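Please read the structure below before turning to the comments.
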């Protein structure tokens, strides 16, 4: 089973989302594990690559995980961390082309797993209202 880590960075009831060049929907920043990486190592590397930012490791809390089945790519074990970033964001322009601060009720297009798994986790956990 493949694995990935995502960061839920929430400020003033808005959550940071990114959009990849290959997709129209927004998702949490983060991505796939590389060989022998832990969930935290993956998250730290992906945030640096995608947003040129540093994760504040003291702020991190694992708030959930789940297995998501994608018809094109198979099963993924996904780890969701809540935490903060230590510096200004700058998208890489290659993989990630845009970021936004999303709040519930807005008309932002979301990736399917954001709607089916991540938003319910954040809402039911009281992290997003």
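Values computed for the structure shown
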| read-out | value |
| --- | --- |
| Residue order, fewest to most surrounding Cβ atoms within 10 angstrom, among 67, 97, 18, 91 | 67, 97, 91, 18 |
| Among 17, 40, 89, residue whose mean-square fluctuation peaks in a GNM of the chain (springs only between Cα atoms under 10 Å) | 89 |
| Extension gain, residue 24 back to residue 2 (0.36 nm per residue minus Cα-Cα distance, nm) | 5.6 nm |
| Cα-based Rg and Dmax for the stretch 81-129, where Dmax is the largest Cα-Cα distance (Å) | 12.7, 34 |
| Estimated FRET transfer efficiency when R0 is 35 angstrom, pair residue 34-residue 103 (beta carbons, to 0.05) | 0.60 |
| Percentage of interatomic Cα-Cα distances in the chain larger than 19 Å | 45 percent |
| Inter-label distance, nm, simple model (7 Å from Cα along the C-beta direction), residue 73/residue 94 | 1.7 nm |
| Which of 78, 106 has the fewest Cβ neighbours within 10 Å, and the rest in rising order | 106, 78 |
| Relative exposure of 118, 123, judged by other C-beta atoms within 10 Å (fewest first) | 123, 118 |
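Bear in mind these aren't lab numbers, they're just calculated from the coordinates by the rules spelled out. Just so it is clear, the structure is predicted and the values come from calculations on it, not from any experiment. Neighbour counts are summed over all protein chains in view; Cβ atoms, including those assigned to glycine, are modelled from backbone coordinates with ideal geometry.
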